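The structure appears right after this line, and notes come after that.
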Amino acid sequence: MKVAIMGYGTIGSGVAEVLRINQDQIQRKVGEPIELKYVLDRNEIAGEDHDKLVLDFNIIAEDPEVGLVVETMGGIHPAYEFVKASLEKGKHVVTSNKALVDAMGSKLISIAKDHNCNFFFEASVGGGIPVIRTIYHNYAGEKLTEITGILNGTTNYILTKMRDSGASFEDTLHEAQKLGYAERDPSADIDGFDTSRKTAILLSMASGNRCRHEDIYTEGIRNVSAIDVEYAKFLGMNIRLLGSVQVVEDKYFAYVAPIMITKNDPLYPVDGVFNGIRIVGNCLGTTMLYGMGAGKLPTASAVVSDMIAAVRHQHEFQGIGWSEKMIDIEPMGSNAFNYLVRIEGTPDDVANEVKDLFLNDTTAFHPIVLDGRTDEFAVMTDVMFESDFKENMKEFEEKTGRRVFHFLRAELGKD
């Protein structure tokens, strides 16, 4: 099998490296060698693959020897045009490009089916964690009711470091950039857009139909402060940026937001740049996948696993993916959480309002006051729909004249 790699950055060069390091094992697994013939890149490349560099995609498209194309260019254009043309030539395509899969996945899956080839995208979610194939193959007999994950290593590193050091968000972000864990422009990570695209892919896999990441409520971690982290530590909880998908009967719920999780949550110990994905099935119960969610060789390893699958099934369409039918996502207000509410001043004189608006009749008022703080206190609400909570929060401010400084969602009400 002759292969072309489009894009020779971190992941593309990693794919070439994995092919060299594990070439004997790969050949044993698939029954034939996988040989790199072309590398398409705008820049000059060094090393063993220098002589394979081409600048014109048409060389790859028109070469009948190339049966497999790896797309690691990133972005939507011209990646979409190149992948579409490759599939129309009957070439299998493997990609790590979450933006492409999110925006154009259903179209490309349909094109692959029409031309009896495959479009695989394991590495688009979770880096080296095999979540796509696990959902499609291993959990094929399950009705998945929830997929919730820590899907971005940059934000997880920042939140872990804030917890361990007590530093501010801004200082921790700056350190992450110096260490190479965060980009110079970190907005895609810290504002949740990277996680949102991955969440959309997971929702499409769970539902079997298409969704848009733009329709998923997305909130990043810019507003998570050292004080928020201090409250979470006081409660024995971790703050994590979660991408969550839930299926209730014929309704679909999805969001990306920083959430406080308890020690009995399997995601609780996922620290640093690692990722974890919690999957719940109606018969399976709860399981979790854990590992490196990014990085050159872990992500490249996932790409190569897709390449092996493509060679093994080179004469049949595998059907991994979803239809072009669009689904509706329920509004964020329909989701229910507990809420940690940080309120201006002391608990004096507002106990009745807190009870009326945030607690059930049987729940006692237990304000949380951090050592040395007299300017604010916090309370953990009972489980509330988000729409009700926000209305009650506004009513609380109007009735008491007290500001709500910030609130954090918590999964206390979940098993």
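The values are calculated or read from the model by the stated rules, or taken from the named source; none is laboratory data. Predicted model only: the values in this text are computed from it and were never measured. Cβ: placed from backbone, ideal geometry, glycine included. Neighbour counts: every protein chain shown. To get the accessible areas, we keep the full protein, side chains included, count just its heavy atoms, and leave off ligands, DNA and RNA. Shrake-Rupley method; radii C 1.70, N 1.55, O 1.52, S 1.80 Å.
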If we ask which residues in region 273-294 are out of contact with any helix residue (DSSP H, G or I) (no Cβ under 8 Å at 6 or more places or on another chain) and open to solvent by 10 Å² or more (accessible area, probe 1.4 Å), their number turns out to be 10
request  = Report yes if some residue within region 232-241 is buried (at least 24 other Cβ atoms within 10 Å of the Cβ) and within 25 Å of ILE132 (Cβ to Cβ); otherwise report no.
outcome  = yes
Scanning region 370-413 for residues that are closer than 25 Å to VAL245 by Cβ and modelled with pLDDT under 95, the one most open to solvent (accessible area, probe 1.4 Å) turns out to be LEU412
On the basis of being open to solvent by 10 Å² or more (accessible area, probe 1.4 Å) and at pLDDT 95 or above, does ALA200 make the cut? no
Condition set open to solvent by 40 Å² or more (accessible area, probe 1.4 Å) and out of contact with any strand residue (DSSP E or B) (no Cβ under 6 Å at 6 or more places or on another chain), scope region 256-272, selection nearest to GLY127 (Cα to Cα): answer is ASP271
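Okay, residues lined up against (1) in a helix (DSSP H, G or I); (2) touching a Leu at 6+ places or on another chain (Cβ under 9 Å); (3) open to solvent by less than 50 Å² (accessible area, probe 1.4 Å):
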residue: LEU19; (1), (2), (3): yes, yes, yes
residue: LYS29; (1), (2), (3): yes, no, no
residue: GLU32; (1), (2), (3): no, no, no
residue: ILE59; (1), (2), (3): yes, yes, no
residue: VAL69; (1), (2), (3): no, yes, yes
residue: GLY90; (1), (2), (3): no, no, yes
Matching residues in region 37-87 (on the phi > 0 side of the Ramachandran plot and within 31 Å of the chain's Cα centre (by Cα)) number 2
**Asked** When you look at ALA310, is it at pLDDT below 95 and either of a type outside the set (D, E, K, R) or part of a strand (DSSP E or B) (or both), yes or no?
**Response** no
query = ILE190: out of contact with any strand residue (DSSP E or B) (no Cβ under 7 Å at 6 or more places or on another chain), farther than 24 Å from ASP375 by Cα and β-branched (Val, Ile, Thr), yes or no?
reply = yes
So, first residue of a type in the set (S, T, N, Q) in region 314-339, second residue open to solvent by 50 Å² or more (accessible area, probe 1.4 Å), Cβ within less than 7 Å, six or more apart or across chains; the pairs are SER323/ARG210; SER334/PHE385; ASN338/VAL383; ASN338/LEU412; ASN338/GLY413
The residue from PHE317, PHE365 that alone is outside any strand (DSSP E or B), at pLDDT 95 or above and in contact with a Pro (Cβ under 9 Å, 6 or more places away or on another chain) is PHE365
Within region 341-369, the residues that are surrounded by fewer than 15 Cβ atoms within 10 Å (Cβ to Cβ) and of a type outside the set (Asp, Glu) are ALA351, ASN352, ASN360, THR362, THR363, ALA364, PHE365, HIS366, VAL369
The number of residues in region 314-363 that are out of contact with any strand residue (DSSP E or B) (no Cβ under 9 Å at 6 or more places or on another chain) and of a type in the set (D, E, K, R) is 7
If we take region 169-272, then helices (runs of 4 or more DSSP H) inside it with 1 or more residues that are of a type outside the set (Val, Ile, Thr), farther than 30 Å from LYS107 by Cβ and over 20 Å from the mean Cα position of the chain (by Cα) are 169-179, 226-234
